[in-house]
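The values are calculated or read from the model by the stated rules, or taken from the named source; none is laboratory data. Remember, it's a predicted structure, so these values are computed and weren't measured experimentally. Neighbour counts are summed over all protein chains in view; Cβ atoms, including those assigned to glycine, are modelled from backbone coordinates with ideal geometry.
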Amino acid sequence: MGFFLETLLGGLMAGMLYSLVALGFVLIFKASGVFNFAQGAMVLFAALAMARFAQWLNTAGLGPAWLVNLMAFALAAVVMFAVAWLIERLVLRNLVNQEGTTLLMATLGITYFLEGLGQSIFGSDIYKIDIGMPKEPVIAFQDVFEGGILINLEDLIAALIAACLVVALSVFFQKTGTGRALRAVADDHQAAQSIGIPLNRIWVIVWCVAGLVALVAGMIWGSKLGVQFSLATVALRALPVVILGGLTSVPGAIIGGLIIGVGEKLSEVYLGPFVGGGIEIWFAYVLALVFLLFRPQGLFGEKIIDRV
Amino acid sequence: MKKPVLLLSALLSAVMLSSVSPVLAQSKEQFIPVLSYRTGPYAPNGTPWANGFVDYLKLMNLKGGINNVKITYEECETGYDTARSVECYERLKSKKPSFVQTLSTGATFAITEKAPGDKIPVLTVGYGRSESADGAVFKWNFPIAGTYWVAADTIMQAIAKKEGGWDKLKGKKVALVYHDSPFGKEPIPLIQERARIHGFELQLLPVTPPGVEQKATWLQVRQAKPDYVVLWGWGVMNSTAIKEAQATGYAREKMYGVWWAGAEQDVKDVADGAKGYNAVTIQHGAEPNADIVKTLLAQIHAKGQGTGPKEEVGQVLYLRGVMSAMIGVEGIRSAQERFGKGKVMTGEQVRWGLENLNLTQPKLDALGFKGVMRPISTSCMDHMGAAWTRIHTWDGKNWVFTSDWMQADEQILKPLVKATADKYAAEKKLTRRTGQDCQS
Amino acid sequence: MFYRENGQLKTSYQADQQIFPIAQDRWFILAMLLLAFVVAPLLATDYWFSAILIPFVIMAMAAIGVNILVGYCGQISLGSGAFMAVGAYGAYNFFARVPDMPLIPALILGGLCATVFGVLFGLPSLRVRGLYLAVATLAAQFFADWMFLRIKWFTLDTPSGSVSVSNLQVFGLPIESDVSKYLFCLTLLCLVALLAKNLVRGAIGREWMAIRDMDVAAAVIGIRPMYAKLSAFAVSSFIIGVAGALWAFIYMGSWEPSAFSVNESFRLLFMVIIGGLGSIMGGFLGAAFIILLPIFLNQALPFIAGMVGIEISTTVVSHTELMIFGGLIVWFLIVEPHGLAKLWSIGKQKMRVWPFPY
């Protein structure tokens, strides 16, 4: 029983980490209808930027660790804003009104470009992001369950950060003027344009926010695993979360993340040994697929309406 | 709209016309292709190896080459992908390579099929097919200095020693956390054989490449509570495994890694958290005081000719690259002894050279490997030449040797190699080479 | 002016319905076939065969298969790598387990295995559409990845999971040399292209295109979506499966499950998008582009750097390749979202009306 709870907890934490990445997908799709396959590359690029800036600032001896991290974060955020602006300017503006497949492929092209650029500028070694996360495990409830329940403090803090981010995003969307404008654009581009909302600027803002989300996700994943090229593959793990929760729903990304995280870990630990192990990845996709069969638009997505 | 169309058609015709046929190599120079990976998930480990390899070739050229035959080399980026490795091989084949090394077990499998037809020996120092040590079946493969079965066997020997003897292993549990690929699956037959003989339980835990997500694996380790964990990973998988071991509280002293999972790159980010982690070494470990290291620093890096950063010289993977290059070069030199000193050797001749390699201790010392390597001597039947290993442990800052020189147990190894090689021979309808064929 | 079909009148339905009704087109195709079957084997070097021509032929076949599914039927699929894998391992199992199994039946049976797999993982398309379907097909991809790594039966219980084939022959002729491999694959490609072209010109092709354009309306006028979608998956996966078997048997010789990873799926999708969705010619053009580009960059970049006097390492070349590849894709999609095939047809149109602009 204790081990089941442990696996469950581990799954929930992993799910929150996936949600962080999935949030980026959802944000961009909500506001511009583009499925941003490049989110993984953006996470990698942001994490590389932050790791390397921290390293360079450290060797320049610019102060205590927390200040260096803060400055690195700020610098990386600026870099991500620049990337967002460039993407909107060079790519999206020229692909207005193209169909979904084309935009998808364009973001795939951006993925390759960012991967190449990130590694050219920042290097392809493993880099460290040290934001002071606790690395040792905490074993709780040792008297209740045999062996206790393992609580990974780093994951817990990461989950809290993700939750804060979601709250911040919700406040941004509901309470601020820009947030309202974003929601308007997500509803109907033409109507939003007709009441004077500048589409191009909104898209830049959305990609900037998504870039920031990517940076936070990159920072947390990087702190956990080290920043290296394979961080970009995390996006493939977050895709089932997006389609399970629905492409247009922020709470969907969270709930979907939790479901996928728990499903993955439980299946790997309890079903895996019977079939030899390694079933995590495809199980997550099959789980999402099964949900889709009952709700083709995802759990919280907009119902798909076809007009003939 | 017109301009892009014209531009595109021009570009396409340029592409068609200028996909250059490779230039034929100068017949006066010995060409060595360097299939390496400096990008992708395995780059952190592949890059220092490639740097060491190329640095040694540069050193050889500085000393005048192999009996005054200069070495030319060309790197080709494979990204640890088998298809790209094959493409690199095909592209560089026409330059008459002396030998090919792939730094990838998957690519070794693929190129093993092509090399005999192309007459190019495949040098796989410390990786590749374990059964290719049987030279009577695998004429063109050379897993010199050690194969994965040697690594697995000596790891088990070290574990047995720690327990106090092979009999103490009965009833214990060993978990193998491995990279789910031909590379990771290599040790399984040998460890299963040992488990059968000595009565311990082997739990197999595959990790999907590139191995960035291992939470579930290590939760399973925490539940199963194995007495030892053998880590068989490469690239990012290694550091992730150690980080997850730390996060689930598995004692790093009970972890033993293969020689590709025991380098600075795998532990430096975890530093103190990896203290006590052990790994087997293929003869050499981290040798900052070796003569060859000093020579490379003085002759190559001091002149700004170093391929990578100076700090890397003397580290585990860098030295492995140096060792691989050295063995290849000595194979060519040995071929020159028979076929003509000072002449450029063909692939076939280098094959003979690698098959008749006799690196005695005085020779190794003279090359700068005193105290680093032990003698290697290959023959027609034995393409491995030596099976010496040691265990080194990370103390938080450096890799420190914590065992004596060990050798794999021939009693276990030889029958397994022969049986597997026979199976390959039967499948490919090859006959075992006999005495006469061995003389060529 | 170059391309006028003035005076080419047809006197029978058969003549009217042929694939290349215009005489210039027929001459052109004849010339291409001559070039491919006769001239290339005489002139091409070993390297050209093994690195460029053979991969191009096999990938063109796979691209045709993907185009049928994505371009003609509108079902975005990211599981093409899995279909190739199933085709390859299916063919391998028949080839290795059944004694004296000839090569072509083994390939066809491999294709049929891929068909079954494709139809199975195509079932979600009946309920899910668009991007959701794309991600759902990734389930097929990862499942196949796992299946061939874990289930030892598929790889004939080899401990390493790596398999190989050798001693291939067709009707007694050995397929060992590069030229024979190339001609064999080329023959199969021509057959498959003919099959695909006739399918998309026929009733079933029109059904696929109707489903692609407006599936609800298509259902209203009596096209059964299940039949159309699943037949698209079936035909497409058959072709991709045969291509996968050829890739494994002929090009690789020895392979492991990671040879058919999700990167292959993306590569095939790129080929189809850049080549042009909804056109058989697009498969050829896209495959040529994607295969030639890395090789060209690999040769051109050090050459250009050498001219400027800088020596660049393979790392820089690799990264620049990635950037140029990504940049080119984006540029392409901006300039011509309908792909190279559209540029080709624009070119033909220009030749028809030359010297007038339109």
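Taking helices (runs of 4 or more DSSP H) as the structural unit, those lying wholly within the range C:128-214 and holding at least 3 residues that are over 22 Å from C:Ala234 (Cβ atoms) and more than 9 Å from chain A (Cβ to nearest Cβ) correspond to C:178-201. Here B:Ala271, B:Ala263 are screened, and the one residue that is closer than 16 Å to B:Asn398 by Cβ, away from every other protein chain (no Cβ under 11 Å) and either buried (at least 24 other Cβ atoms within 10 Å of the Cβ) or among the small types (Gly, Ala, Ser) (or both) is B:Ala263. For the residues A:Gly218, A:Gly272, A:Gly211, A:Gly245, the requirement of being farther than 23 Å from A:Pro137 by Cβ and within 14 Å of chain C (Cβ to nearest Cβ) singles out A:Gly245.
Hey, could you check the range B:245-258 for residues that are more than 9 Å from every other protein chain (Cβ to nearest Cβ) and in a helix (DSSP H, G or I) and say which is nearest to A:Lys224 (Cα to Cα)? So the residue we want is B:Ala245. Only one residue in B:Glu348, B:Glu355 is touching a Ser or Thr at 6+ places or on another chain (Cβ under 8 Å), outside the structural domain of B:Thr281 (by TED's automatic domain parsing) and of a type in the set (Asp, Glu). Which one? That would be B:Glu355, the only listed residue that is touching a Ser or Thr at 6+ places or on another chain (Cβ under 8 Å), outside the structural domain of B:Thr281 (by TED's automatic domain parsing) and of a type in the set (Asp, Glu).
When A:Ile139, A:Ile149 are checked against the criterion of being in contact (Cβ under 8 Å) with a residue 24 or more places away in the chain, more than 22 Å from the chain's Cα centre (by Cα) and under 22 Å from A:Met13 (Cβ atoms), a single residue qualifies: A:Ile149. Listed here are the helices (runs of 4 or more DSSP H) enclosed by the range C:240-358 that have at least 2 residues being surrounded by 17 or more Cβ atoms within 10 Å (Cβ to Cβ) and away from chain A (no Cβ under 14 Å): C:280-308, C:339-353. Taken together, the residues in the range B:50-80 that are within 13 Å of chain A (Cβ to nearest Cβ) and either assigned to a strand (DSSP E or B) or surrounded by fewer than 24 Cβ atoms within 10 Å (Cβ to Cβ) (or both) amount to 3. Inclusion of B:Leu354 among residues that are of a type outside the set (Phe, Trp, Tyr), touching a helix residue (DSSP H, G or I) at 6+ places or on another chain (Cβ under 8 Å) and on the phi < 0 side of the Ramachandran plot is warranted. Among the residues making up the range B:90-107, those that are facing another protein chain (nearest Cβ under 9 Å) and either more than 15 Å from C:Ala248 (Cα to Cα) or touching a strand residue (DSSP E or B) at 6+ places or on another chain (Cβ under 8 Å) (or both) are B:Glu90, B:Arg91, B:Lys93, B:Ser94, B:Thr105. Is at least one residue of the range A:9-20 within 28 Å of A:Gly148 (Cβ to Cβ) and among the polar types (S, T, N, Q)? Scanning the range A:9-20, I find at least one residue that is within 28 Å of A:Gly148 (Cβ to Cβ) and among the polar types (S, T, N, Q), so the answer is yes. Applying the criterion of being buried (at least 18 other Cβ atoms within 10 Å of the Cβ) and of a type in the set (Gly, Ala, Ser) to the residues of the range C:153-179, the residue that is farthest from C:Phe95 (Cα to Cα) is C:Ser160. For C:Val86, indicate whether it is over 16 Å from A:Val286 (Cα atoms) and modelled with pLDDT of 95 or more. Yes, satisfied.
In summary, helices (runs of 4 or more DSSP H) completely within the range C:1-79 and bearing 2 or more residues that are among the β-branched types (Val, Ile, Thr), over 30 Å from A:Tyr285 (Cα atoms) and modelled with pLDDT of 90 or more occur at C:54-67.
Taking the conditions (1) in a helix (DSSP H, G or I); (2) out of contact with any Pro (no Cβ under 9 Å at 6 or more places or on another chain); (3) surrounded by 15 or more Cβ atoms within 10 Å (Cβ to Cβ) in turn, B:Glu311 satisfies each one other than (3). Annotation note: of A:Thr107, A:Thr59, A:Thr101, the sole residue that is out of contact with any strand residue (DSSP E or B) (no Cβ under 6 Å at 6 or more places or on another chain) and facing chain C (nearest Cβ under 7 Å) is A:Thr101. In the range B:203-229, the qualifying residues are those that are more than 10 Å from every other protein chain (Cβ to nearest Cβ) and more than 25 Å from the chain's Cα centre (by Cα), and the one that is nearest to A:Asn152 (Cα to Cα) is B:Val221. Looking at B:Tyr277, B:Tyr318, B:Tyr250, B:Tyr256, just one residue is over 23 Å from B:Leu205 (Cβ atoms), aromatic (Phe, Trp, Tyr) and touching a residue at least 12 places away in the same chain (Cβ under 8 Å), and that residue is B:Tyr318.
Of the helices (runs of 4 or more DSSP H) lying entirely inside the range A:206-308, those carrying at least 3 residues that are free of Cβ contacts under 8 Å to residues at least 12 places away in the same chain are A:272-275, A:280-294. Filter the range A:107-130 down to the residues that are among the hydrophobic types (A, V, I, L, M, F, W, C) and out of contact with any helix residue (DSSP H, G or I) (no Cβ under 6 Å at 6 or more places or on another chain) and list them by number. Across the range A:107-130, the qualifying residues are A:Leu108, A:Ile110, A:Ile121. Taking C:Thr45 as the residue in question, decide whether it is hydroxyl-bearing (Ser, Thr, Tyr) and within 26 Å of the chain's Cα centre (by Cα). Yes, satisfied. If you go through the range A:110-135 and pick out every residue that is farther than 30 Å from C:Leu333 by Cα and within 7 Å of another protein chain (Cβ to nearest Cβ), you end up with 4.
Screening B:Val350, B:Val344 for residues that are β-branched (Val, Ile, Thr), in contact with a strand residue (DSSP E or B) (Cβ under 9 Å, 6 or more places away or on another chain) and either assigned to a loop (DSSP other than H, G, I, E, B) or at pLDDT below 90 (or both) leaves exactly one candidate, B:Val344.
A quick yes/no check of all residues on (1) buried (at least 24 other Cβ atoms within 10 Å of the Cβ); (2) among the acidic types (Asp, Glu); (3) under 22 Å from B:Thr389 (Cα atoms); (4) not assigned by TED's automatic domain parsing to the domain that holds B:Ser36:
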residue: B:Cys88; (1), (2), (3), (4): yes, no, no, no
residue: B:Ser94; (1), (2), (3), (4): no, no, no, no
residue: B:Ser98; (1), (2), (3), (4): yes, no, no, no
residue: B:Gly117; (1), (2), (3), (4): no, no, no, no
residue: B:Gly128; (1), (2), (3), (4): yes, no, yes, no
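Scanning the range B:396-440 for residues that are surrounded by 13 or more Cβ atoms within 10 Å (Cβ to Cβ), part of a helix (DSSP H, G or I) and charged (D, E, K, R) yields B:Lys414, B:Lys418, B:Asp422, B:Lys423, B:Glu427, B:Lys428. Scanning the range B:27-46 for residues that are within 13 Å of the chain's Cα centre (by Cα) and part of a helix (DSSP H, G or I) returns B:Asn45, B:Gly46. Among the numbered conditions (1) under 28 Å from A:Met133 (Cα atoms); (2) surrounded by fewer than 20 Cβ atoms within 10 Å (Cβ to Cβ); (3) of a type outside the set (A, V, I, L, M), the only one that A:Phe274 does not meet is (1).
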